[in-house]
Amino acid sequence: MSLIRARKRLVRHDHQSRLAVHGDDARIDDVLVAECVRSEPVTSVVPALMSKELIALCIDMSEVVGGGTVVSGGYLGSTLMRYVANILMARMVSPAVYGMFGEIFSLTYILGWIAKSGFDIVFVRLLPRYLLKSELKLVVGLTRFILLITIVLGLFAGLLFFVYAPRIALLFYHDASCTLLLREMTVLIPLIALQTVIAAGLQAFKEVLWKMYIERIVQPVLTLIMLVLAFLLDWKVEGLSFSTIVGYLFAVGIGYLVLMRIVKRHTPHVLPASYQVRRWLALSLPLFFNGLIYALADTLNALLLGLLATPGQAAGYLVAERAAIFVTMPLAALSVRYTPLIAEYYYHGLPVRITRMYAAVTRWSILLSLPVFLWLLIFRQVVLQGFGAAYAGYETVLIIICVGFLVYAVLGPASYIFVMVAPPRLIMLNSTLSIGANIILSCIMIQLYAAMGAALSIFFSSLITYGLSFCWVNWYLKMQPLRWQLYKPLLAGGLAVLTGYLILHCMQIESDMFRVLVTLGAMILFIITYCFALILLRFSPEDLFVFAHLLGKFRLRPAS
């Protein structure tokens, strides 16, 4: 249950007298606890150890983890499907062709992020506030304005890309034959921009399931189906572009219909739209630069590898990056529900709640991301060989990228607070510094070390980007998320690594079949050891409360 629902319950039950006595924030917490937590037996130790404020926070944390659990299931499925799709792509064409396709997709991806102009973050930052204040006309106006301007900018960027495709082919690839593929991929620019803002709109409305369906199921599933069809028809590069376009096209179409339906549900009466164009544009500019950081972090290195190195190096880097992306999945899933809550807390003036939520999300992010990082570290050879024997030499690249993504898992929660709370000028300054550092580091490192340099640039860029947000939140808001309980995942991870390493490297078997079985056994035992060690080290009362609320244990269930 969120603060929005608590406020609606209060309005419906007419508790105005309590507002005068306790204040608005206390009133929300009391009702949130009273309506979300049923009476506990005397023997129950979890709620008895916590105050009402902490119980209210744990209920919101249950929504974050619950939504993250649902989304992480979709993220895991989509990441696995994209992983399989990239394996199929890598085996359909040569490493040089696969690297060229990855570079072109990276270029269109950046242009798609530019076309959305930061309006996806405007959605998440402003829409919860409009809903809290019941400014439904602004809800309608903001939705229409963002979708319209994204379509216009996406089509304009796509038109420019189509016209200048021959020059881009000669500049980046020194081959005019790439022009046709570049023009085919032009369609992706408005589609990527629209999918991003539609997913942000669903997140702002707290429609976690729909966001997962649109962004993480529809698009990768259709892409994979089209790839299999292209593989059977013996299509090569054309099959790669066709399958990618079809996946995005269906995701955007379904997402648009769902978003419009949700807007009508929140505005049951036909309302004239109200617009604050000047305010939205002023906010979108700094948020545009902030969003560009993530787009460049995902795609800049692939582009520069094609320009400064070779397509083969770009293909090796892309393979390692596709495998390492699993490390970022837990925090990406948690942020879907975590980010709108930060906007709610800040609007209501609840800094203590923000601090505790910040620490809880950081703890859960490390708890879930660390084993993925360690698992990739131990089984890196098997992971890379799945893409083909040509990519077996990129183990060091994979390790460095994983470390960079682990920095995001540890420091990333601060960046979401920074975007939701910090002044727009400060966001723009931080974004400009981060983008500049990212471009400079990538150019220098790639010229010196090729694919390994690209991996190093990810690591240092992550330190700078998320480190600046972390320092600002720590210095200005006086919030520090690292707690002593973090020794538990570290100790559990160390035991799991030791177990997996001993089994994998101490059992020398010549038979290929038995070697595969031993590797699978080591992978499974690694996960079991990590989970069992965490259970032995005991979870905190807050974590037990979240588990109880999610699983129905101790009869703690959200009110209907």
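FYI, it's all coordinate maths here, none of it is from the lab. These numbers come from a predicted model, not from an experiment. With ideal geometry, Cβ positions are generated from the backbone for all residues, glycine too; neighbour counts draw on all protein chains shown.
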Separation of the THR432 and LEU281 label points, Cα + 7 Å toward Cβ, nm:
2.0
Listing VAL258, VAL163 by rising number of other beta-carbon atoms within 10 angstrom, fewest first, gives VAL163, VAL258
Provide the packing ranking of 233-243, 198-208, i.e. peptides ordered by the mean count of other C-beta atoms within 10 Å per residue, highest first.
198-208, 233-243
Using the structure shown, select from LYS206/LYS236; LYS137/LYS478; LYS133/LYS211; LYS206/LYS478 the pairs with a Cα to Cα distance greater than 32 angstrom.
LYS206/LYS236; LYS137/LYS478
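What whole-number volume per residue, in cubic angstrom, does the convex hull of the C-alpha atoms of segment 326-450 give? The partial results should precede the final answer.
On the way: hull volume 13.3 nm³, N = 125.
Convex hull of Cα atoms, per residue: 106 Å³.
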Skipping prolines and chain starts, which residues have an amide H placed within reach, meaning under 5 Å, of the one on LYS206, given they are 5 or more residues away or on another chain?
none
